[in-house]
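In what follows, a structure is listed as C-alpha cells, so that the remarks can point back to it.
Any read-out appearing in this document is the output of simple, stated calculations on the displayed coordinates, not a laboratory observation. What you see is a predicted model, and the numbers here were worked out from it, not measured in a lab. When we count neighbours, we look across all protein chains shown, and the Cβ atoms used for this are built from the backbone with ideal geometry, even at glycine.
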Amino acid sequence: MVVKKNVVIPPPLYKRILRLVFKLLQYPRKIVKKYMAYNGAIGEILMESGDPSIDRLRRRNNKLVNLFIHAPLFLGLIISLISLYLHKDDFSQYLQTVFSPIVGKGFFSTFGLYIKKIKYILTAIPVRELDYLPFLYGYALSIIGAWILSLNPVFKEQDKITHIFSTLGYIDSEGNPWKVTWTPNAIMIESFNCDPFALCNNNRFWSSVNFPPTAPKVNRTNMNKFIVQRKYELPSELIFEIKGEENV
C-alpha cells in the first residue's frame, strides 16, 4: 500500500509578489509599532528605577522614529498636496466634464458619446508626476529608514537573551521564552514560575549576557515582572591628584 504524503503546493507567483509588496508597504508601520512597544516597556523600567538615562533613551527613540520614518512620509505628502493644489482648477474642469449629462439624438449617437466619455475619464485624469512622485519617494525613504532602525543593537541584545532563555528552558506556559526588555543600565524580565533572586545569583547566565546584576526589583502590579539594574563597582584603588601630588 502506497501512502501519499501531503504535498504543499506553493501559491502562484503573482500572489507571492503581492504578499511581498504588501509586507514591504507595511514595514515602516511594523517598525514604528516595535519602537512603541519598546518605549512602553522601558517606561515601566523608568517608573520602577527612576533612572534618567532610561528617559533619555525613550526620547531618543521617538526622535529616531520621527526622523527616519515619519519625516520622509510627511514631507513627501506635503509636496504632493501642494502640487495638487496648484492645479486644482484642472481637477474642477475634469470633474465637471465627467459628471456632465450626455445628450444624444439617437441610440448610436448616445452610445458613441458614452464611449468618448469613458475614454476621457480614463485618459484625461489631470495628474502630474509631481503630484505623486514626492509621496512615493518619501514612502521609499521611510522603508529604508525603517530598515536602518531595525538594526538597533538594543533588539539584537534582546534577541540574544531570548535565545538563551529558550536554550535554558526558561519558558512560559505556552512554551515561549520569557519576555525581556534590554537597556544599557537595566533589564526587565517577564518570567514564569521564577524566583528573581535565584536567577540573579546565576552568575553563569549573567556572564553570558555581559550584565552584572543588582538585586531584582519586583513589579508592584505584576509579580512575574522584575527589573535588574547593572551593577557598577568602584576599582579597589583610586588615585587622587591634588596640586601636582599623588595620593593613593
Quiz prompt | C-alpha center-to-center spacing [the range 169-214, the range 87-152] in angstrom | solution = 56 Å
Exercise. Taking the Cα centre of the chain as origin, work out the dipole magnitude from +1 charges on Lys and Arg Cβ and -1 charges on Asp and Glu Cβ, in debye rounded to 20.
Key: 1640 debye
Quiz item: Which residue, Phe165, Phe22, Phe226, tops the fluctuation ranking in a GNM of the chain built on C-alpha contacts under 10 Å?
Solution: Phe22
Self-check item: Of Ser207, Ser173, Ser142, the one that fluctuates the most in a GNM where the chain has Cα springs shorter than 10 Å
Solution: Ser173
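As a test of the definition: which semi-axes, in Å, follow for the range 108-243 when you take the square root of five times each eigenvalue of its alpha carbon gyration tensor? Largest first, please.
Details: eigenvalues 715, 120, 29 Å².
Taking √(5λ) for each Cα gyration eigenvalue gives 60, 24, 12 Å.
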Quiz item: Which value in Å does the Kirkwood hydrodynamic radius of the range 8-50 take, with 1/r averaged over all unlike C-alpha pairs and then inverted?
Solution: 13.0 Å
Quiz prompt | Cα convex hull volume per residue for the chain (Å³) | solution = 316 Å³
Exercise. With springs connecting C-alpha atoms under 10 Å apart, model the chain as a Gaussian network and identify which of Phe107, Phe192, Phe135 has the largest mean-square fluctuation.
Key: Phe107
Practice problem: Take each uninterrupted DSSP H stretch in the chain, measure its Cα extent along the helix axis, and return the ones at 30 Å or beyond whose mean Kyte-Doolittle hydropathy is at least 0.0. | Solution: 13-49, 129-150
Quiz item: With contacts defined as alpha carbon pairs under 8 Å and 6 or more residues apart, what's the relative contact order of the chain in percent?
Solution: 17 percent
Quiz prompt | Residue (of Leu113, Asn193, Gly169) at the positive-pole extreme of the chain, dipole from beta-carbon charges | solution = Leu113
Quiz prompt | More than 17 angstrom apart: percent of Cα pairs within the range 51-102 | solution = 63 percent
Quiz item: Hey, which lysines would be in cross-link range of Lys23, C-alpha to C-alpha under 29 Å, not counting anything within fewer than 8 residues on its own chain?
Solution: Lys15, Lys33, Lys34, Lys63, Lys156, Lys160, Lys179
Quiz item: With point charges of +1 on the Cβ of Lys and Arg and -1 on the Cβ of Asp and Glu, referenced to the Cα centre of the chain, which listed residue (Phe226, Gly50, Pro213) lies farthest in the positive direction of the dipole?
Solution: Phe226
Practice problem: Take the Cα coordinates of the range 153-229, assign each an equal point scatterer, and use the Debye formula without solvent to give log10 I(q)/I(0) at q = 0.11, 0.14, 0.16, 0.21 Å⁻¹. | Solution: -0.24, -0.39, -0.52, -0.95
